Each structure stands twice: as structure tokens, then as C-alpha cells.
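Notes follow once the structure below has been shown.
The values are calculated or read from the model by the stated rules, or taken from the named source; none is laboratory data. It should be emphasised that the depicted structure is a prediction, and the values quoted were computed from it without experimental measurement. Glycine also receives a Cβ, built like all others from the backbone with ideal geometry; neighbour counts cover every protein chain displayed.
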Amino acid sequence: MIENFGFFLPTEIQFGNGVLQTLGSELKKRGAMRPLVVTDQSMKETGLIDLVVNEIKKVNIPFDIFDGTVPNPRDYDCDRGAQFAKEKGSDFLIAIGGGSSMDTAKAMATIMTNGKKTRDWFDVELDVSSAPVICIPTTCGTGSEVTYNAVITDSETRLKANIFDPKCAPVLALVDPKMIKSLPGFLISSTGIDALTHAIEAHVCKIATPITDAISTYAITLISDNIVAAANDRDENALCNVMLASTMAGIAFGNADTAAVHCIAECLGGFYDIPHGVTNSIFLADVSEFSIPGNPKKYAEVSKAMGINTKGLDDTEAALLGVDKIRELCKELNIPKLKSFEVIDPKDFPHLAEASSQHCCNPNNPIEATSAEYQTIFEKVYNS
């Protein structure tokens, strides 16, 4: 018997090579009067911002650019962006970049209509809908273009927090694979494994549904089959497939949840300011291995989706082959070791382990990990 469940996707998605060219007509159709492009300095250097700006110019709509987005944005970064939008009279946001730009834009949009400061909206219901946001992802990892939350670092706790409400969902995601064609290989690697983490955790978490299972397993297959060719060879078809998988994984975990890998990644990433995708990539295999006893069947399904021949194996044996496959992918993609980051100090592990155990996603991991178990994982990964 299938248990009752719901599924909600408030964001319209347009996918494919060249969909960026619809930006101007979408702005006109949606009544934008003075849009604000939200991005970062490095994105301006790639020339991708020019592609966006040119589409806006075609429809003769006045616009402004906020390029103050930073990696792992903090609450005050979003507050500053919202103040900039207010001063410019912005009524519409266009986020271009990775998860940092898209989450910053969603937080800014929240402040633009709800007032107060970013920290005031962590884990509480919004009063009204956020200002409209169009997301244009330039990585193949976050899925933020289709989620109704913004992950922001709390400047007081140095831990990641969430604005979480369907009222902050982007109105439109323009997912154009051409936008990642010039992305450095190491970024395709880490963001691609980030998307794989989203898909795997959406599949194995305790609140997965038949719909999220179907989406997540297809995303797992697309990433497993294409991430190496996308990162190392820039194969056009592979890039298209991992871009689609990233968005699908975002839909899956947005309607299910993430789990223990994200408990670690959001705590450690916020504390040390390490890229989220890299942190997920570093911990995915070991956290999966720890979690298998909580639901061997689901992890065996992950292995099958990764293309592993599991015939004749029991679920645990099959699941462990999936962990091996994750390790092989990370090695082939040159994912760095945790110990390679000089900022990491093992003395912080007890604090980070406790924070991970208190993270909102921990109860939905197949095994709800204790602080001591998280510390063991931290130490194992650090010394591997």
C-alpha cells in the first residue's frame, strides 16, 4: 500500500540549449519594470553576464546589476543586496550563477517584500510572497533554481540556516546547458557530485515518495553515466545530461529532503567557508556507507541506478558496491581530500559533530546519527 504523500513544484522550468534567449520575452510577459541582475564578480569575467544583459536590452527594459554575491553568502550579504535593490527600485530579480547567487537572490527577494532582515526569516513562515525571481544556473549542481528555500550562513552562529517557504520559490528557471560549457572541469566535478548527493539523499531519506524516487533514480543514472565525460572531455551531450540531472535532483530533494551528508556539509561549509559541492563530494561515500544499514534496499536501488550489476547480491552487498562506485568517481574527478584544506582543524570536530546531529535533516537520514557518530565520520574522512 502506498502511503499518502504530496508533491509541489511552484517554479516553471524551461530547459534546453538556447532557452536563455527567451529571457526578454519572459520579463515582458511577467510585467517586469526594472529587473536587477544578481551575480558575482567572477561571473562577470566569464562573459556570461553579457549574454543575459543582451537579452534584456533586446526588449528595452531598464535594468541594474548587483555583483556583490559571495560564496556561502551570509545574512548581512543578502541584507546589503536587498538594500541595493530597494535603492534602485527593483521589482524583479534575475539570478545568474551557482547556488550562492540564486540563494542570495531568493533571500533578497524575501526582504524586498517582507521587510526586516534575513536572519528574521530563518525557519519561519513568510508574511507575503517574495519579489519574483528568475534563476539561470551556471553550474550543474545546486538545483537551487527549483527549490523554495535559500541556504544562508547565519553570521552569529557561523552555521547554515534556511529561509524555507514556497512563497520564496523562483517563478521561472531557465536551464540552458550552454551556460556551463566554459565552466572549469573541477567545478563541473564538484557541482556534479553535489547533484548526485542531492539525488541519492532524496532517494534514501525517510520522507521520499514514489514521485521523488522516480526523479531521483533517473538523475542518479544521468550523472553516473555522464559526469566524467562532462568534466574531463566537455562532451556536449554529457554536459546537457548533467545539467538536466542537477535540476531533477533539485526537484527530488525539494519534495523529499536531503540527509546526513548535508548535515555535515552545511555545518562544515558554513564554519570554514568551504564550497558546498566540494564538501558534499568529500563526505558522500563515507556517510552513505554508514547509513546503509538503515535502508539497504534503497541504497541497493541507488547502485542499480548507477549502472552496477547487482544480480545475485543481497541488498547490503549491492549497496556497498554503490559506495565503491562513488569513491571511484570522486577519484577520477580529482575531488580533494578534507585534509588538503589548511583551515580544517580537528579540534573543531566535536562542535561540528554536535551541530550536525542537531541539523534539521538528520532525523530523515536512514540512520539518525548521534554526535559521536558524526565525530567518527569526521575523523575517518579527515584521516583517509
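Here are the numbers for this structure:
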read-out: Residue that is surrounded by fewer than 24 Cβ atoms within 10 Å (Cβ to Cβ) and not assigned by TED's automatic domain parsing to the domain that holds Arg234, where the choices are Val37, Val128; value: Val128
read-out: Some residue of region 63-70 being farther than 30 Å from Ala256 by Cα and of a type in the set (D, E, K, R); value: yes
read-out: Residue list for region 345-376, filter: part of a helix (DSSP H, G or I), among the aliphatic types (A, V, I, L, M) and buried (at least 16 other Cβ atoms within 10 Å of the Cβ); value: Leu352, Ala353, Ala355
read-out: Hey, Ala208 out of contact with any Cys (no Cβ under 6 Å at 6 or more places or on another chain), small (Gly, Ala, Ser) and either in a helix (DSSP H, G or I) or at pLDDT 95 or above (or both) or not; value: yes
read-out: Residue among Thr258, Thr247 that is buried (at least 23 other Cβ atoms within 10 Å of the Cβ), outside any helix (DSSP H, G or I) and at pLDDT 95 or above; value: Thr258
read-out: The lone exception for Met43 - which of (1) assigned to a helix (DSSP H, G or I); (2) surrounded by fewer than 17 Cβ atoms within 10 Å (Cβ to Cβ) it fails; value: (2)
read-out: Residue within region 330-339 that is modelled with pLDDT of 95 or more and either in contact with a Pro (Cβ under 6 Å, 6 or more places away or on another chain) or closer than 18 Å to Glu201 by Cβ (or both) present; value: yes
read-out: Test result for Lys167, surrounded by fewer than 24 Cβ atoms within 10 Å (Cβ to Cβ), closer than 27 Å to Ala199 by Cα and either in contact with a Ser or Thr (Cβ under 7 Å, 6 or more places away or on another chain) or not assigned by TED's automatic domain parsing to the domain that holds Glu201 (or both); value: yes
read-out: Sole exception among (1) crowded, with 24+ Cβ neighbours inside 10 Å; (2) assigned to a strand (DSSP E or B) for Glu145, by number; value: (2)
read-out: Given (1) exposed (fewer than 15 other Cβ atoms within 10 Å of the Cβ); (2) at pLDDT 95 or above, index of the condition Glu342 fails; value: (2)
read-out: Breaking point among (1) part of a loop (DSSP other than H, G, I, E, B); (2) in contact with an Asp or Glu (Cβ under 7 Å, 6 or more places away or on another chain); (3) of a type outside the set (D, E, K, R), for Ile111; value: (1)
read-out: Inter-residue pairs, beta-carbon under 7 Å, first under 16 Å from Glu12 (Cα atoms) and in region 142-168, second among the acidic types (Asp, Glu), 6+ apart; value: Ser144/Asp103; Tyr148/Asp165
read-out: Any hit, region 301-316, residues being under 30 Å from Asp165 (Cα atoms), of a type outside the set (Asp, Glu) and part of a helix (DSSP H, G or I); value: yes
